[in-house]
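Please read the structure below before turning to the comments.
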Amino acid sequence: MTTSAAAPTGSDDTGSGDGATAGGGTVTDRLVEANEHYAAMFRDPGMDARPVLRVAVVACMDARIDLHRALGLQLGDCHTIRNAGGVVTDDVIRSLTISQRALGTRSVVLIHHTGCGMQTLTEDFRHDLEMEVGQRPSWAVEAFRDADQDVRQSMRRVRTSPFLPHTDDVRGFVFDVTTGRLREIDPA
């Protein structure tokens, strides 16, 4: 199976590391061109910003996870919040608060995955950045060794946030990137 990451048109074949593609444009140029094709066929779906299923999904940004297909979701079904590791940070709480209080969501689904890059990092990453650029990042790396345990921590962060009025339907999962299956994590 070929993915866009493996296809010559979507990779940096020049070896220059500047984002140029073999066709001469940048990856961003390719995305803008794809949007032109998309926009030519686009029809306003006539929906507002409130998710139909009243659910917010927090997941890792890993490019191997086609979140909507994996969960059987359609456009307009949910709010999707993605970051490195799918961890619940202050910014995720901010997004969930807006999702619940302003846009009507009631359920939260948290998804980590097998083979996550966050399992290979430590907080030393921040120190290394500081040494390289001369400024310590204000954010935590939020690296973890055990995906199950980090899902439990994320569930606790959501359930105990004073900003979130709807914390009774918060469930966490680990997505297996080799099988496509979700495994539910017991919050205890």
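The values are calculated or read from the model by the stated rules, or taken from the named source; none is laboratory data. A quick note: this is a predicted structure, and the numbers were derived from the prediction, not measured. Virtual Cβ from ideal backbone geometry, glycine too; neighbours counted across all protein chains shown. SASA here: full protein model, heavy atoms, side chains in, ligands and nucleic acids out. Shrake-Rupley method; radii C 1.70, N 1.55, O 1.52, S 1.80 Å.
For the residues R50, R30, R64, R43, the requirement of being basic (K, R), modelled with pLDDT of 90 or more and either in contact with a Cys (Cβ under 7 Å, 6 or more places away or on another chain) or not in a loop (DSSP other than H, G, I, E, B) (or both) singles out R30. The residues of the stretch 160-184 that are in contact (Cβ under 8 Å) with a residue 12 or more places away in the chain, closer than 15 Å to D90 by Cα and of a type outside the set (F, W, Y), listed by number, are S161, L164.
Looking across the stretch 76-114 at every residue that is assigned to a helix (DSSP H, G or I) and of a type in the set (S, T, Y), the one that is surrounded by the most Cβ atoms within 10 Å (Cβ to Cβ) is identified as S99. With respect to R183, determine if the residue is open to solvent by 40 Å² or more (accessible area, probe 1.4 Å) and part of a strand (DSSP E or B). When the stated conditions are applied, R183 passes them. Screening T122 with (1) in a loop (DSSP other than H, G, I, E, B); (2) of a type outside the set (A, V, I, L, M); (3) at pLDDT 95 or above gives one miss only, at (3).
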